[in-house]
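The values are calculated or read from the model by the stated rules, or taken from the named source; none is laboratory data. Everything numeric here is computed off the predicted structure, so don't read it as measured data. Methodologically, a virtual Cβ is constructed for each residue, glycine included, from the backbone with ideal geometry; neighbour enumeration extends over all protein chains shown.
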Amino acid sequence: MNLTDDNIGDYAETLVLQVRGGGRTLDYSEESVATLEELLRVSDELLQDESFPETQRNLVVFYNGCYLGEVMARHLGGAWRFTENWYDASLVFPFGEGGLQVHPFQKVYRRVTEGPAENDLVAYYDGLKTRLSGDE
């Protein structure tokens with residue numbers, strides 16, 4: 001999948017619609033990162049099972065990464081930086097002399113494969129927000 005500024009929001013919206021079909025709401029608010037985390041926790045056992053197809057795991061990472069990145073871009077002021085491989089796409093935030101770069105797809109992959117202990121998406125988002133605000 002080739003990501004651009006023109007289609008990343010569409011991919012994020014695909015997750016919004018899927019979640020809505022299940023009776024939950026993702027609205028691009030900062031609080032919705034908690035909903036994203038809750039939804040992943042429901043599937044932790046399945047997603048971390050070695051027999052779970054990698055192609056399907058990658059789809060979970062892709063759509064959740066698009067959504068997480070869009071929330072970060074909209075609320076924290078990041079700009080997408082796309083690469084040939086969607087997994088390596090990043091967000092760059094104004095910070096210090098050279099900016100701060102984060103990789104939402106890689107974070108979601110670690111969250112999906114390793115679980116929430118060190119990869120909780122709410123803690124990740126809140127930590128980034130705190131760092132960008134200079135309140136560390």
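Side notes on the structure shown:
- Test result for L68, modelled with pLDDT of 95 or more, under 20 Å from T25 (Cβ atoms) and either under 10 Å from the mean Cα position of the chain (by Cα) or surrounded by fewer than 19 Cβ atoms within 10 Å (Cβ to Cβ) (or both): yes
- Cβ-Cβ distances below 7 Å connect the following pairs, each with a first residue in region 92-104 that is closer than 14 Å to K129 by Cα and touching a residue at least 24 places away in the same chain (Cβ under 8 Å), a second residue that is part of a strand (DSSP E or B) and polar (S, T, N, Q), and a separation of six or more residues or different chains: V102/S90.
For (1) among the hydroxyl-bearing types (S, T, Y); (2) touching a Leu at 6+ places or on another chain (Cβ under 8 Å); (3) in a helix (DSSP H, G or I); (4) buried (at least 17 other Cβ atoms within 10 Å of the Cβ), each residue gets a yes or a no:
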{"position": "S51", "(1), (2), (3), (4)": "yes, no, no, no"}
{"position": "V61", "(1), (2), (3), (4)": "no, no, yes, yes"}
{"position": "R111", "(1), (2), (3), (4)": "no, yes, yes, yes"}
{"position": "A117", "(1), (2), (3), (4)": "no, no, no, no"}
{"position": "Y124", "(1), (2), (3), (4)": "yes, no, yes, yes"}
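- The condition of being assigned to a helix (DSSP H, G or I), among the acidic types (D, E), in contact (Cβ under 8 Å) with a residue 40 or more places away in the chain and closer than 20 Å to E13 by Cβ holds for E37.
- Qualifying residue in region 92-102 (condition: within 15 Å of the chain's Cα centre (by Cα), under 28 Å from D6 (Cα atoms) and assigned to a helix (DSSP H, G or I)): no
- Boolean, G127 is in contact (Cβ under 8 Å) with a residue 60 or more places away in the chain and farther than 26 Å from N7 by Cβ: no
- The single condition from (1) modelled with pLDDT of 95 or more; (2) over 30 Å from G134 (Cβ atoms) that E50 fails is (1).
- When T55, T25, T4 are screened for being hydroxyl-bearing (S, T, Y) and under 22 Å from D126 (Cα atoms), only T25 passes.
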